[in-house]
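Asks: After the structure tokens below, expect a handful of questions from me.
The values are calculated or read from the model by the stated rules, or taken from the named source; none is laboratory data. Bear in mind the structure is a predicted one, so any value in this text is a computation, not a measurement. All Cβ positions, even for glycine, are placed from backbone atoms using ideal geometry, and neighbour counts span all protein chains on display. Only protein heavy atoms, including side chains, enter the accessible area calculation; ligands, DNA and RNA are left aside. Shrake-Rupley method; radii C 1.70, N 1.55, O 1.52, S 1.80 Å.
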Amino acid sequence: MSERPTTLAIFGVTGDLARRKLIPALFSNFIKGRLPQPLHIVGVGRRDWTDETLIDHAQRSLKQYAAAIYEERAWQRFCRALSYSKVNLPLPETYRSLRDALQRLDGGAGNRLYYLSVAPEFYADVICNLGALDMAREAEGWRRIVIEKPFGYNLETAQSLNRSLHSVFAESQVYRIDHYLGKETAQNILFMRFANTIFEPVWNRSHISNVQVTVAETVDVGTRAGYYDRAGVMRDMAQNHMLQLLSLIAMEPPSAFDAVALRNEKVKVLQAVRAIKLADTVRGQYRGYRQADGVAPDSSTPTFAALKLFIDNWRWKDIPFYLRSGKALRQKTTQVNIQFKRPPNSIFELTERGDYSRNVLSICIQPDEGIHLSIKAKIPDQQIAKTVDLELHYANAFVADNLPDAYERLLLDAINGDAQLFIRSDEIESAWKIVDPVIAGWHEDRAAPPMQPYAPGSWGPAAADALLERDEHLWRLSCLHENGAG
Ligand code: BG6
């Protein structure tokens, strides 16, 4: 481990993300002995806090969100790393005291990670103010910046944010977070595809009929209307998490397991996505959304989307990828279902018809992480084939009652300079190029499919089912505790 001090400056330390995710993730890494030493964690915020307020806040966060791993002795060591620095984000002059505090901690010769967990409207200010005080320059020790989503509001704002970033930081210093990439099972997509030999030969248009990505949530807009009503499901889930999952599923094998090779392949997939036809989209809004606190009474923000898209390359040409995500749905589940083609000549009687007669490989991202492969097997004592599942559950295969939270991995990777699981500037922009025309079309094109209301607790509007029925498919769901859901 390096002896150069490492300092994490968490902007927005008083906020929700820091409390629920960042502080617990740091503590967990700390007790696993994975953080570099010496380590300083500087909470940066607007409030008039002291070091003691931050320490108290962090301890309460841990007791609330990481109770299972909280341990007094470790905490006593961990809390020594914590200090607080007050900064008014838009005001450059307030950064001097932060600069001086960091200088005192590491003598100017340390590694520094700036973590932006603040409202996106402050990103450009923070970047510019850090730049003005020369706080991004790498002389002795590295300087890195981690940026939370949303990265931009559309292509134009994302490009402008990239320009601000690049005027102060080199791309290699920038770590754009998509926490889905930190999920163990999302990472396992690559391991499954490229550490085995049995999947890759069938991973293409000759053998696969269609691919489905479902990211369903039971939560509704809750207290986040201020952000969500401006964003909607396309910006909140599709531009980032869903397209990231798609690129892991569809990418070509990278030549190495490193940030350059991996992200090169992911970006190629996004660039090959054919413009989505509005007729291949469904937008929905759950009933009651407009009555939620902070939502405009006539809001046209979609809380559900289903899309059909195509990837124009040799591997995937004309194979439909169906994506759907929504809030206030029946169950929380994120899963990818890969439906294979049917046998060219069917000689057996099957108990299931249509799509149910296909082999499906289900990658269960959450909850109950695992992989299911549905295969046909002979029913004993009968001449009929029935679907049975080969199942891998992380909880059984690994001692995994506590899979590490995505932020644990991501924070560690950023500290270690491994950018594999972070989004490069060209990836971000390619993803916006895919979703922007859909969002614009929904607003501006009279021929766009209308908003479909749906009942909270359902699987979304019927139009989302119709989108697949047109192609004689249906949404497949595996990995659920409840059956009969599609
Ligand atoms: C966030 C979105 O990025 O992801 C939220 O802003 C969403 O709206 C959340 O609820 C879902 O994350 P997870 O890890 O619970 O699936």
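Asks: Of A9, I23, G43, which is farthest towards the positive pole of the stretch 1-95's charge dipole, taken about the Cα centre with +1 and -1 on the beta-carbons of Lys, Arg and Asp, Glu respectively?
Replies: It is I23.
Asks: If you don't mind, another one. For the chain, give me the percentage of DSSP beta bridges that are antiparallel, rounded to the nearest 5 percent.
Replies: 50
Asks: Give me the lysines in straight-line cross-link reach of K32: C-alpha distance below 29 Å, same-chain residues under 8 apart excluded.
Replies: K21, K63, K149, K183
Asks: Can you tell me, using C-alpha contacts under 8 Å and at least 6 residues apart, the relative contact order of the stretch 376-486 as a whole percent?
Replies: Rounded, it is 7 percent for the stretch 376-486.
Asks: Give me the accessible area per residue for the chain, probe 1.4 Å, as a whole number in Å².
Replies: For the chain, the solvent-accessible area averages 44 Å² per residue.
Asks: Using the basic label-point model (7 angstrom from Cα toward the beta carbon), what is the E352 to R77 distance in nanometres?
Replies: The answer from the label model is 5.0 nm.
Asks: Taking the Cα centre of the stretch 25-164 as origin and charging only Cβ (+1 Lys, Arg; -1 Asp, Glu), how large is the dipole, in debye to the nearest 20? Walk me through the intermediate numbers first.
Replies: Working: 19 positive and 16 negative charges, 75 e Å.
So the magnitude is around 360 debye.
Asks: In what sequence, largest accessible area first, do L105, L477 appear using a 1.4 Å probe?
Replies: L105, L477
Asks: Find how much the distance from D426 to Q37 grows on full extension, using 0.36 nm per residue of separation minus their present alpha carbon separation; answer in nm with one decimal.
Replies: 136.7 nm
Asks: Let me ask something additional. Give the carbon-plus-sulfur fraction of the accessible surface of the stretch 208-258 in %, rounded to a whole number; probe 1.4 Å, heavy atoms of protein chains only. Please list the in-between numbers first.
Replies: Details: 810 of 1510 Å².
Roughly 53 percent of what the probe reaches on the stretch 208-258 is carbon or sulfur.
Asks: A further question follows. Counting Lys and Arg as +1 and Asp and Glu as -1, each charge on the Cβ, what is the dipole of the stretch 421-482 about the Cα centre in debye, to the nearest 20?
Replies: The dipole magnitude comes to about 80 debye.
Asks: While we're on this one: Take peptides 193-204, 279-290, 59-70 and line them up by average Cβ neighbours within 10 Å, highest first, as a rough protection proxy.
Replies: Ranked by mean Cβ neighbours within 10 Å, highest first: 279-290, 59-70, 193-204.
Asks: While we're on this one: Every cysteine in the chain with no other Cys Cβ under 4.7 Å from its Cβ, please list them in numeric order.
Replies: When partners are defined as cysteine Cβ atoms under 4.7 Å apart, the chain leaves C79, C128 without one.
Asks: Summing -39500 (n - 2.57) over the DSSP H runs of n ≥ 4 in the chain and dividing by its residue number, what mean residue ellipticity at 222 nm do you reach, to the nearest 500 deg cm²/dmol?
Replies: That calculation yields -9500 deg cm²/dmol at 222 nm.
Asks: Any idea how far apart E252 and D389 come out in nm if each label point goes 7 Å out from Cα toward Cβ?
Replies: Distance between the two pseudo-spin positions: 3.5 nm.
Asks: Can you pull the accessible area of E444 for me, 1.4 Å probe, Å² to the nearest 10?
Replies: It works out to around 150 Å².
Asks: Under a crude label model (7 Å from the Cα following the beta-carbon direction), how far is C128 from E140 in nanometres?
Replies: About 3.2 nm, to one decimal.
Asks: Please give me, ordered by residue number, the chymotrypsin sites (Phe, Trp or Tyr not before Pro) of the stretch 226-258 that lie in loop per DSSP and have at most 14 other Cβ atoms within 10 Å.
Replies: Loop-located and lightly packed - F257.
Asks: Taking the alpha-carbon centroid of each part, what is the distance from the stretch 399-446 to the stretch 170-228 in angstrom?
Replies: Spelled out, the Cα-based centre of one part sits 9 Å from the other.
Asks: Report the extension gain between D100 and R342 in nm, rounded to one decimal, defined as 0.36 nm multiplied by the number of residues separating them, less their alpha carbon distance.
Replies: 80.5 nm
Asks: Now a separate question. Let me spell out the model: positive unit charges on the Cβ of Lys and Arg, negative unit charges on the Cβ of Asp and Glu, origin at the Cα centre of the chain. What dipole size does that give, in debye rounded to 20?
Replies: Roughly 100 debye for the chain.
Asks: For K341, go through the lysines and keep the ones whose alpha-carbon is under 22 Å away, minus same-chain ones fewer than eight residues off.
Replies: Once the sequence-local lysines are set aside, what remains near K341 is K308, K317, K376, K378, K386.
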